[in-house]
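Structure record follows, encoded as structure tokens.
The values are calculated or read from the model by the stated rules, or taken from the named source; none is laboratory data. What you are looking at is a predicted structure, and each value in this text was computed from that prediction instead of being measured. Cβ: placed from backbone, ideal geometry, glycine included. Neighbour counts: every protein chain shown.
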Amino acid sequence: MKIFITGATGNVGAETIRILSQQYPEAAIVAGVRSLQKEHDFPANVQTAAFDVLDPKTFNSLQGAEKLFLVRPPQLSQPKHDILPLLQFARSAGVRHVVFLSLLGVQFNFFAPHHKIEQYIRQLGFRFTFLRPSFFMQNLVTTHRADIRDRHQILLPAGKGRTSFIDVRDIAAVAAMVLGADRSVEPNYLDKAFDLTGSEALTYSEVAAILSEVLATPITYRAASIREFSQHMADQGFPQEFTRVTIGIYSVARFGFAGKITPDLQQLLDREPISFCQFAADYRAEWQL
């Protein structure tokens, strides 16, 4: 069974590959990467293939794949232009099952690119599994790392809303389970959407308090306006389209719709989700100079 992984060097993709390679060594795992010249720290039993979601000339690397793990590059916000050509090619190439990393509450969020991508996957007739996670804990060690490490602050347009944060290691564990499933258990995951959350919903003030304790340094949360946040992101060099999508995601929290807690992850993995306190302890070094 050939499994093609997009977003292979990202948080979720890389962890999914690591788990897949350990738990399903018989699978032909292919990591799509933009450059074959760069060094990639993948397990020895993982193949690499040149792949760029915006370059149809690289789509041939999907030939022979039965399953596709689709991760939308965060800077891309026009699904018809950015993602649909890839899905059309995948369908013609024989991919039968798409596992898509979507977004919690996306069925009601018509402005999120994920909403349209889910529609395309259905319309093209794929068997599908939609993983709809809440906000990634790891965004605090990527997008917001410099703010926490250098400025000792979290500045976001999330208001006082709660968020049921999830660790990407948990998302990857579910993704690997679905992608590695054989025909006997695969029906448990086909044509279904799973809402993946942690087991607690925190405000960003509570997040700041936990980080303050773990880092032994006061970390503050400031609820920024959309205008202030946009300027803050621009000052750090983030693309405008990325910031626009990010604002939409944080708006879900600001309006009180990001605190939903579901049992899906615990039922799928038969264990509790990783807690925010555990995540903060595990990643402590990422915020230290």
Of the listed residues (Leu155, Leu190), the one being at pLDDT 95 or above, part of a loop (DSSP other than H, G, I, E, B) and surrounded by fewer than 20 Cβ atoms within 10 Å (Cβ to Cβ) is Leu190
Notebook entry, point to check: Taking Arg183, is it over 17 Å from the mean Cα position of the chain (by Cα) and either at pLDDT below 95 or closer than 30 Å to Ala28 by Cα (or both)?
Noted result: yes
Only one of Gln47, Gln22, Gln37 is among the polar types (S, T, N, Q), closer than 14 Å to Lys2 by Cβ, loosely packed, with under 15 Cβ neighbours inside 10 Å and free of Cβ contacts under 8 Å to residues at least 60 places away in the same chain, namely Gln47
Those residues of segment 109-135 which are over 18 Å from the mean Cα position of the chain (by Cα) and in contact (Cβ under 8 Å) with a residue 40 or more places away in the chain amount to Tyr120, Arg127
Within segment 50-64, the residues that are surrounded by 12 or more Cβ atoms within 10 Å (Cβ to Cβ) and among the charged types (D, E, K, R) are Asp52, Asp55
Picked from segment 203-222 (must be touching a residue at least 60 places away in the same chain (Cβ under 8 Å) and either touching a Pro at 6+ places or on another chain (Cβ under 7 Å) or crowded, with 19+ Cβ neighbours inside 10 Å (or both)), the residue nearest to Thr163 (Cα to Cα) is Val207
Of the residues that make up segment 207-216, is at least one touching a strand residue (DSSP E or B) at 6+ places or on another chain (Cβ under 7 Å), modelled with pLDDT of 95 or more and not assigned by TED's automatic domain parsing to the domain that holds Arg127?
yes
Within segment 231-260, the residues that are of a type in the set (A, V, I, L, M, F, W, C) and either surrounded by fewer than 16 Cβ atoms within 10 Å (Cβ to Cβ) or out of contact with any Ser or Thr (no Cβ under 6 Å at 6 or more places or on another chain) (or both) are Ala234, Phe238, Phe242, Ile247, Ile249, Val252, Phe255, Phe257
The correct count of residues that are within 17 Å of Gly7 (Cβ to Cβ) and in contact with an Asp or Glu (Cβ under 9 Å, 6 or more places away or on another chain) in segment 75-93 is 3
Check your understanding: Is it fair to say Arg162 is in contact with an Asp or Glu (Cβ under 9 Å, 6 or more places away or on another chain), surrounded by fewer than 16 Cβ atoms within 10 Å (Cβ to Cβ) and in contact (Cβ under 8 Å) with a residue 40 or more places away in the chain?
Key -> no
